[in-house]
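Inspection log for the structure reproduced underneath, given as structure tokens.
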Amino acid sequence: MNTMNYRCIAFFVLLSFAFYGQNEKKVDSLNKLIQQAKQTNSWESSIALLYTKGKFYNSEKKYEAAQEQFLKVDSIAKQYNYSDENKVLSTVVRAEISKSTFSSDGTETANRLLTQALIDAKKLNNEPLIYTVYKDLAYLKGLMSEYDESKFYLDIAMPYYLERDDVRSVSRLYNIYKIYYIYIQTA
């Protein structure tokens, strides 16, 4: 079974998650697909499925279980010197989870992960992914009180989202700008 087939299957599994509430069955379905991908040595499919499983755990607020899946994605990607959107997004979500600890270690880990995600997204030449990371770096740098760096990423990300009329992202970026300008007035 090729990677596209596994992605289609993973999509339909996720779609079924939206309609059926039994979480154990959801995880069982993903585990079976992951096992099948391993048996056929389809590591690209394993990455896609593990990322899907991590997203599921993250949506259920089971952050340790989500981190475990995202670390597996990272491990397989490193083993095969491979990067794709799922690998980069798993790094971004790992950063979000680390950032949510509100500890200096958590924000430093998030910073390291987002920096790596930006490098990987640029290698993929994936513009939407690159700007997602810029937006996340703008927010994180503000959280870390690195306001000039936050504004640097804001200035890169804002025109991209304005051009695409992405109201949600523009709103979030304006809130980060507001924090930056409040900082300037009080500094």
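The C-beta contact set for the stretch 62-88 (first residue closer than 14 Å to residue 98 by Cα, second residue among the charged types (D, E, K, R) and surrounded by 16 or more Cβ atoms within 10 Å (Cβ to Cβ), distance under 7 angstrom, 6+ apart or interchain) comprises 67/94; 70/94.
Among the residues making up the stretch 117-171, a single one is more than 15 Å from the chain's Cα centre (by Cα), under 26 Å from residue 73 (Cβ atoms), surrounded by 18 or more Cβ atoms within 10 Å (Cβ to Cβ) and of a type in the set (Lys, Arg): 141. The one condition from (1) crowded, with 20+ Cβ neighbours inside 10 Å; (2) closer than 25 Å to residue 127 by Cα that residue 33 does not meet is (2). Looking at the stretch 85-102, is at least one residue among the polar types (S, T, N, Q), over 19 Å from residue 139 (Cβ atoms), loosely packed, with under 15 Cβ neighbours inside 10 Å and modelled with pLDDT under 95? No, there is no match, as no residue in the stretch 85-102 is among the polar types (S, T, N, Q), over 19 Å from residue 139 (Cβ atoms), loosely packed, with under 15 Cβ neighbours inside 10 Å and modelled with pLDDT under 95.
Going through (1) under 17 Å from the mean Cα position of the chain (by Cα); (2) assigned to a helix (DSSP H, G or I); (3) at pLDDT below 95 one by one, residue 177 falls short only on (1).
Being among the charged types (D, E, K, R), touching a helix residue (DSSP H, G or I) at 6+ places or on another chain (Cβ under 8 Å) and either crowded, with 21+ Cβ neighbours inside 10 Å or on the phi > 0 side of the Ramachandran plot (or both) is not true of residue 55.
Checking the structure you have, find out if any residue of the stretch 88-95 is among the small types (Gly, Ala, Ser) and outside the structural domain of residue 130 (by TED's automatic domain parsing).
Among the residues of the stretch 88-95, not one is among the small types (Gly, Ala, Ser) and outside the structural domain of residue 130 (by TED's automatic domain parsing), which makes the answer no.
Scanning the stretch 83-133 for residues that are within 16 Å of residue 54 (Cα to Cα) and of a type outside the set (D, E, K, R) yields 86, 88, 89, 90, 91, 92, 93, 95, 97, 98.
The values are calculated or read from the model by the stated rules, or taken from the named source; none is laboratory data. Computed from a predicted model, the values in this text were never measured in an experiment. Every residue, glycine among them, receives a Cβ derived from its backbone with ideal geometry; neighbour counts consider all protein chains shown.
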